[in-house]
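The structure appears below as structure tokens.
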Amino acid sequence: MTPAASKADESTGSLISVRNVSFSYGDVPVLDSVSIDVEPGAFLGLVGPNGSGKSTLLDLMLGLRRPDDGTVSLFGEPAAAFDDGERIGYVAQDATEAGRDMPITVREVVRMGRYPKRLVGRFSAEDRRAVEVAMEQVGIADLDTRRVGRLSGGQRQRVFIARALASGADLLALDEPTVGVDAESREEFYGLLEDLNAAGLTVVLIEHDIGVVTTYATEIACLNRQLYFDGDPSEFVETDALAAAYGKDQHVLHHDH
Amino acid sequence: MFLTHVRAAGTPLAQLPVLWLAVTGTIEWFLDNVVGPIMDLLAEVLGAPMLGYPFMQRAYLAAICIAVIGPLVGTFLVHREMAMLSDTLAHTAFAGVAVGLFLNSALSLALSPLLTAFVVAIGTALLVELLVEHAGAYTDTSLAMVLTGGFAVGSILITATDGGISVGIDAYLFGSLSTVSTANVGLLVLMSLVVVGLVTLTYRPLLYVTFDATAAQAARLNVRLYKRLMVVLTALVVVSAMQIMGVILVAAMLVVPVAAAAQVARSFRQSILLAILAGEFAAIAGVTLSYNYGVAAGGSIVVTALTVYVATLAVQKLVPSLRRLGRLRPGHSEAGLKADGGENE
């Protein structure tokens, strides 16, 4: 990244700034010159068909991969060089499966949120308080000694959110977090995300369920190798971006969850 | 002459043998003056004369060490779904032993075969991890190829010489109590201190990477480093335990007690403690059975460990039914172990 470009990112004040990013796995192009900004406090819903590069874009945004071309900045720094791990919370695609057989308690998982700051040494009073507050905040305080693998899918999602909150994250990234979670728990889960977003947490969410995204997100990006749409959810449903991204046969959502 | 010697001793590399002598000296002293008298006392108190024999004292001490580091490292390995790696590394360690014996025979050296086994196993561990970083996943096929490949190289090296070195191979394949030397036990005690120290120091990142590697990476932990550390630790444990357990069975010490503990543990920390307890029971009972009935130590330890596993499985199935009958209330069955795994980490 040139110093000039870095300056531009800071001046826009974006939390994440993706500029003309291209990425391919070997010979298979996945992203083609994508540019998108995530402002502090945004709730960005990232949609697109399977294999459209959503997860790759999220990885690039978080600096977990490096683009072949273009630049990504995170909190005003080049994403790959950014090292304030506690500011980023991440809920993986298979988070509902994670730890199903592993004997690990809710508290043990939430405590991981403090690890970037406290890789060795005793937890301070502040560390312990952050863990307690985070569990209270998402309503799992009474589950603290339960094994994560023996919780319901919806409860398990809250554990991962609590881990991010315990770290004091400014940015929460979620990759299809509610796959395999029942409809009622999903509603509650997205309600929780909405509340946390309203309290200032920036959220980037990959979700295959477009109805959910248009309900809860404040900004939608529709992706299929290229960016087909980036803007307001109410505008999104009126454009033909979805049909274009998903292919001609696809009709715009009929959704009744 | 004297001067050059002193100067050489001043460089860090030249100090290594001196350091090693100091370490083995200390351990020998420890065996003779601490472990020996304690075991002699136990022999009298328990009326078990075998505890008084130096070779059995070495065997018990070795078994106790193995049963700490095996389940300790195994807990991370099993929950990363990489249990097969321990078996793979054990079989390539066999190639390492063969390399050592071969070099000794061909070049008239006096290398410890354990040393070459450590080098080969650690090298293989890092190679496998690099392949995984490149390919993205552990595959049965690649592990099976490395495992059989290592064993194949070992068997070729052993048969390529005049046959003299095949003496002692049985001890490595099936494990043996009587061939455990003081130096071997010394090495094992030292390795145990290293492994326990490293795991204690890196417990948190190892746990995070084991449970959720992508989130750990997003939280800016050095995931690659800790994954590599984990496979190197596995190599250290496997080679250390190989003498008693045997190449073919050593993986069981990293897997079976862990599987047993995972059935009943209420937290990750508790699962490590329970796995070590199960391992210790299996190791001590196995060595005792081995001595009393003149059967292989490794096999006795593994069969005992499997018995513990079956017992925990039965308890796990039985306790909920008993609870349903109202004889036990949840929360009343946990013994002294703290379940939340939190405060004293």
Odd one out for B:Leu126, checked against (1) farther than 15 Å from B:Val231 by Cβ; (2) loosely packed, with under 15 Cβ neighbours inside 10 Å; (3) in contact (Cβ under 8 Å) with a residue 40 or more places away in the chain; (4) not charged (D, E, K, R): (1)
Filtering region B:190-210 down to residues that are at the interface with chain A (Cβ under 7 Å from one of its Cβ atoms) and within 11 Å of A:Tyr115 (Cβ to Cβ) yields B:Arg204, B:Pro205, B:Tyr208
Per the list (1) touching a strand residue (DSSP E or B) at 6+ places or on another chain (Cβ under 8 Å); (2) hydrophobic (A, V, I, L, M, F, W, C); (3) facing chain B (nearest Cβ under 8 Å), residue check on A:Val38 breaks on (3)
Here the residues within region A:174-220 that are touching a Phe, Trp or Tyr at 6+ places or on another chain (Cβ under 8 Å), closer than 18 Å to A:Glu235 by Cα and in contact (Cβ under 8 Å) with a residue 40 or more places away in the chain are A:Val212, A:Thr214, A:Tyr216, A:Ala217, A:Thr218, A:Glu219, A:Ile220
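Taking B:Leu233 as the residue in question, decide whether it is at pLDDT 95 or above and within 18 Å of B:Val199 (Cβ to Cβ).
Criteria met by B:Leu233.
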Only one of A:Leu57, A:Leu64, A:Leu74 that is modelled with pLDDT of 90 or more and under 23 Å from A:Thr215 (Cα atoms): A:Leu57
Could you tell me which residue of region B:218-237 is farthest from A:Ala81 (Cα to Cα), considering only residues that are part of a helix (DSSP H, G or I) and within 14 Å of another protein chain (Cβ to nearest Cβ)? B:Leu229
Going by the structure shown, is A:Val109 hydrophobic (A, V, I, L, M, F, W, C) and touching a Gly at 6+ places or on another chain (Cβ under 8 Å)? yes
Only one residue in A:Val110, A:Val72, A:Val91, A:Val106 is more than 10 Å from every other protein chain (Cβ to nearest Cβ) and buried (at least 20 other Cβ atoms within 10 Å of the Cβ), so which one is that? A:Val72
Could you grab me the full set of residues in region B:196-237 that are without any contact (Cβ under 8 Å) to a residue 60 or more places away in the chain, aromatic (Phe, Trp, Tyr) and surrounded by fewer than 24 Cβ atoms within 10 Å (Cβ to Cβ)? B:Tyr226
Tell me, which helices (runs of 4 or more DSSP H) wholly within region B:238-345 include 2 or more residues that are within 14 Å of chain A (Cβ to nearest Cβ), at pLDDT 90 or above and open to solvent by less than 10 Å² (accessible area, probe 1.4 Å)? B:251-264, B:268-293
Condition first: modelled with pLDDT of 85 or more and either loosely packed, with under 11 Cβ neighbours inside 10 Å or in a helix (DSSP H, G or I) (or both). Can you find one or more residues in region B:7-25 that meet it? no
In the list A:Gly180, A:Gly154, which residue meets the criterion of being in contact with a Ser or Thr (Cβ under 7 Å, 6 or more places away or on another chain), more than 21 Å from B:Arg80 (Cβ to Cβ) and buried (at least 18 other Cβ atoms within 10 Å of the Cβ)? A:Gly154
With criteria (1) modelled with pLDDT of 90 or more; (2) buried (at least 18 other Cβ atoms within 10 Å of the Cβ), A:Gly200 comes up short on (2)
Please go through region A:113-146 and give me each residue that is open to solvent by 20 Å² or more (accessible area, probe 1.4 Å), within 8 Å of another protein chain (Cβ to nearest Cβ) and in contact (Cβ under 8 Å) with a residue 12 or more places away in the chain, ordered by number. A:Pro116, A:Asp144, A:Thr145
Specify the residue that is farthest from the other protein chains (Cβ to nearest Cβ); the eligible residues are those in region A:165-183 that are of a type in the set (A, V, I, L, M, F, W, C) and more than 11 Å from the chain's Cα centre (by Cα). A:Ala183
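The values are calculated or read from the model by the stated rules, or taken from the named source; none is laboratory data. Computed from a prediction, not measured in an experiment: that's the story for all the values here. Cβ coordinates were reconstructed from backbone atoms using ideal geometry, including for glycine residues, and neighbour counts include every protein chain displayed. SASA here: full protein model, heavy atoms, side chains in, ligands and nucleic acids out. Shrake-Rupley method; radii C 1.70, N 1.55, O 1.52, S 1.80 Å.
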